[in-house]
Amino acid sequence: MSETALERKYLGSSETPNLQVSRQQGSILFDTTGKKYIDFIVGWCVGNFGWGNLEILGAAQRYNGPDYIYPEHSYAPWGELARLLASIAPGKLTKSFRATGGSEAVEFALQAAMLHTGRRKFLSLEGSYHGDTIGALSIGDSESRRKYKNLLPFCDKIDTPLDEKALGKIETRLKRRDVAAFIMEPISINLGVLIPDQTFMTELQRHCRRYRTLLVMDEVACGFGRTGRIFASEYFGIDPDIMCLGKAIAGGAAGIGATVMTEEVAESLEEEGSTWSTFGWHPRSVAAAIATIRYITRHKKKLLENVNRLSDYFRSRLSQMEFENAAPLNIRGLAISVDLGDEQYAERVANKCRRGGLLLSTQETRILLLPALNIDRKVAERGLDILEENI
Ligand SMILES: Cc1ncc(COP(=O)(O)O)c(C=O)c1O
């Protein structure tokens, strides 16, 4: 049986695989036939620092500590990773809870908000995505409610655009003082790189404070430099109560997540919460995550300068491309979405690009470009040439 036939027979997945990976290096991915692709997906914001990054992967490979740490035991690198996260997190976010990935990080945020406020309702953005667990699906796109008949009740959604009207709805909901948390991605990769304006974020924070609803920023996808700041929340000068992290936290060298919160909120979760995570912060993942945060802090200036310089380049190239339809561009740093206005056209462009040696992601009518933050200008240029040849 061929390897793909084996996968089809024995591996469950709701995704249809479109290439078989053999290896990756920097911004390049090779399939098993030896074909080379420029990777503008990097695992959807996982490989932000380039595949095979020696400072990160090297640390993971050199790891020589205990096989596993039992959650009731203490382990010095857990404290070190939590300290490093507190050192880069905005505002008063100082205490981290151990998670295996983004969905679990979101679940801990929901628990913390319910326990801290004693409330049961959640408010989030319509069409958003926060993971695959039942809690995360409940606060995500309402479309899931059609398929799963018993998602969490009391989860309301705010429609985009994020304007005065949306703020009015938010205030009306929060005024009842029964909403535990408002959760969103500060720059929503899942909503086509949706960038709220400053007024929306300032007012949102004000309403949350006033009605004692916790403000949760899901930085699982947009965190760790993707938007040109370490965290997208920084753009708005907001002070979230909880931040959810995953994906690029270990640069792809390991799977790990974290829920970082203020001391007060953490106290409620510590007292009453259920946060035992058997594989949360596995020691090998912790070694990779510590190396990642050190890499980010060591190279912060250069890394973010590269993101912002290349962002200008992507903007200028993409806005000059002649797509079939007018193609609105949403871009902040290297979080880039082009709305091609037609789902089949977007799919066709991505498929043609893949055949031409460029990997893009699609999202309904949009194509998404999420290149590595340290991508070489020449590689970016070649990737954009392939896109231009296939539109
Ligand atoms: C914003 C956001 N939150 C949470 C998640 C869930 O993360 P994971 O797939 O690691 O569970 C994702 C995954 O794409 C995401 O984009």
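Is there a residue in region 151-160 that is within 25 Å of Phe236 (Cβ to Cβ), hydrophobic (A, V, I, L, M, F, W, C) and either surrounded by fewer than 23 Cβ atoms within 10 Å (Cβ to Cβ) or more than 15 Å from the ligand (Cβ to nearest atom) (or both)? Within region 151-160, one or more residues are within 25 Å of Phe236 (Cβ to Cβ), hydrophobic (A, V, I, L, M, F, W, C) and either surrounded by fewer than 23 Cβ atoms within 10 Å (Cβ to Cβ) or more than 15 Å from the ligand (Cβ to nearest atom) (or both). Scanning region 226-262 for residues being among the acidic types (Asp, Glu) and more than 26 Å from Trp276 (Cβ to Cβ) gives a total of 2.
Residues that are within 14 Å of the ligand (Cβ to nearest atom) and of a type in the set (Val, Ile, Thr) within region 97-135 comprise Thr100, Val106, Thr133, Ile134, listed in sequence order.
Among residues of region 272-285 that are under 9 Å from Ile256 (Cβ atoms), those with a beta-carbon under 8 Å from a residue that is open to solvent by 80 Å² or more (accessible area, probe 1.4 Å) at least six positions away or on a different chain give the pairs His282/Tyr68. When Gly255, Gly280 are checked against the criterion of being within 13 Å of the ligand (Cβ to nearest atom) and open to solvent by 20 Å² or more (accessible area, probe 1.4 Å), Gly255 stands alone in meeting it.
Could you give me the residue pairs with C-beta distances under 8 Å whose first residue belongs to region 226-244 and is on the phi > 0 side of the Ramachandran plot, whose second residue is hydrophobic (A, V, I, L, M, F, W, C) and assigned to a loop (DSSP other than H, G, I, E, B) wherever it lies, and which are 6+ apart or on separate chains? Here the result reads Gly228/Leu334, each pair linking region 226-244 to a residue that is hydrophobic (A, V, I, L, M, F, W, C) and assigned to a loop (DSSP other than H, G, I, E, B).
All conditions in (1) open to solvent by 40 Å² or more (accessible area, probe 1.4 Å); (2) within 27 Å of Arg229 (Cβ to Cβ); (3) part of a loop (DSSP other than H, G, I, E, B) hold for Tyr68, with the sole exception of (2). Scanning region 291-299 for residues that are touching a Gly at 6+ places or on another chain (Cβ under 8 Å), under 19 Å from Gly101 (Cα atoms) and among the polar types (S, T, N, Q) turns up at least one hit. Within region 92-130, how many residues are farther than 20 Å from Val179 by Cβ, in contact with a helix residue (DSSP H, G or I) (Cβ under 8 Å, 6 or more places away or on another chain) and surrounded by fewer than 20 Cβ atoms within 10 Å (Cβ to Cβ)? Number satisfying all stated conditions: 2. Counting the residues of region 232-252 that are surrounded by fewer than 24 Cβ atoms within 10 Å (Cβ to Cβ) and either assigned to a helix (DSSP H, G or I) or within 16 Å of the ligand (Cβ to nearest atom) (or both) gives 3.
Table: residues versus (1) within 11 Å of the ligand (Cβ to nearest atom); (2) open to solvent by 10 Å² or more (accessible area, probe 1.4 Å).
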| residue | (1), (2) |
| --- | --- |
| Gly192 | no, no |
| Ile195 | no, yes |
| Leu214 | no, yes |
| Met217 | yes, no |
| Ala221 | yes, no |
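The number of residues in region 340-383 being part of a strand (DSSP E or B), open to solvent by 30 Å² or more (accessible area, probe 1.4 Å) and without any contact (Cβ under 8 Å) to a residue 40 or more places away in the chain comes to 1. The number of residues in region 43-65 being in a helix (DSSP H, G or I) and within 16 Å of the ligand (Cβ to nearest atom) comes to 3. Within region 210-224, residues that are under 22 Å from Gly47 (Cβ atoms) have Cβ atoms under 8 Å from residues that are outside any loop (DSSP other than H, G, I, E, B) and aromatic (Phe, Trp, Tyr) in these pairs: Ala221/Trp44, counting only partners at least 6 apart in sequence or on another chain. Scanning region 12-36 for residues that are open to solvent by 70 Å² or more (accessible area, probe 1.4 Å), in a loop (DSSP other than H, G, I, E, B) and among the polar types (S, T, N, Q) gives Ser13, Ser14, Thr16, Asn18, Thr32, Thr33.
The values are calculated or read from the model by the stated rules, or taken from the named source; none is laboratory data. The shown structure was predicted, so the numbers you read here are calculated from the model rather than taken from an experiment. Quick reminder, even Gly has a Cβ in these numbers, built from the backbone with ideal geometry, and neighbours come from all protein chains shown. Heavy atoms of the whole protein, side chains included, go into the accessibility calculation; ligands, DNA and RNA do not. Shrake-Rupley method; radii C 1.70, N 1.55, O 1.52, S 1.80 Å.
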